[in-house]
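Down below is the structure, laid out as C-alpha cells.
The values are calculated or read from the model by the stated rules, or taken from the named source; none is laboratory data. Fair warning: this is a prediction, and the values are worked out from it, not measured in the lab. Counting neighbours? That spans all protein chains shown, and the Cβs are built from the backbone with ideal geometry, glycine included. These area figures cover heavy atoms from the full protein model, side chains too; ligands, DNA and RNA do not enter into them. Shrake-Rupley method; radii C 1.70, N 1.55, O 1.52, S 1.80 Å.
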Amino acid sequence: DTFIYLEFVRKTVMPLPGVTEKLCYGTPGFYVGKKVFSRLKEDGETLVVQTYERDKWMEANPATFFITDHYLNYDYMLIALKTVSPDDLKKLLLAAWYNRAPKKLIGIKGT
C-alpha cells in the first residue's frame, strides 16, 4: 500500500516547478526549494502535509485528517492515506506546494 500512496504523491507533485524528493526524518519528503511541504510518516500509512486550513479539513473528516500534539503549533496536518480521497489528497498537495513555493516559481507554466 505504501508504494501505491507514494506513487500517487510523486505523480502529483514531481511535475511541479522546483520540487525535489529527499529523505526527511528517514522517510520520503517533498520539498520546493529548501522548504518541505509534505512527507511520509514512519508508519508508511500517514502523510504530513503543510496547510493553513487544517481546522476545516479536520472538522469535515476527523478520521482522515488529524494532528498529534507534536503538530499543534505548526501549520501541518496528518492524512490517513487509506481513507483520503484522491481528489482531496491532490488538492492538499497542490495547496501545500503553492504555500511553500517561492513566488517566482508560482508563475511558471505547467502549474
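Evaluate the following for Lys90: is it under 18 Å from Arg10 (Cβ atoms), open to solvent by 80 Å² or more (accessible area, probe 1.4 Å) and in contact (Cβ under 8 Å) with a residue 12 or more places away in the chain? When the stated conditions are applied, Lys90 passes them.
Only one of the listed residues (Phe30, Phe66) is closer than 22 Å to Tyr98 by Cβ and either charged (D, E, K, R) or in contact (Cβ under 8 Å) with a residue 12 or more places away in the chain (or both). That residue is Phe30.
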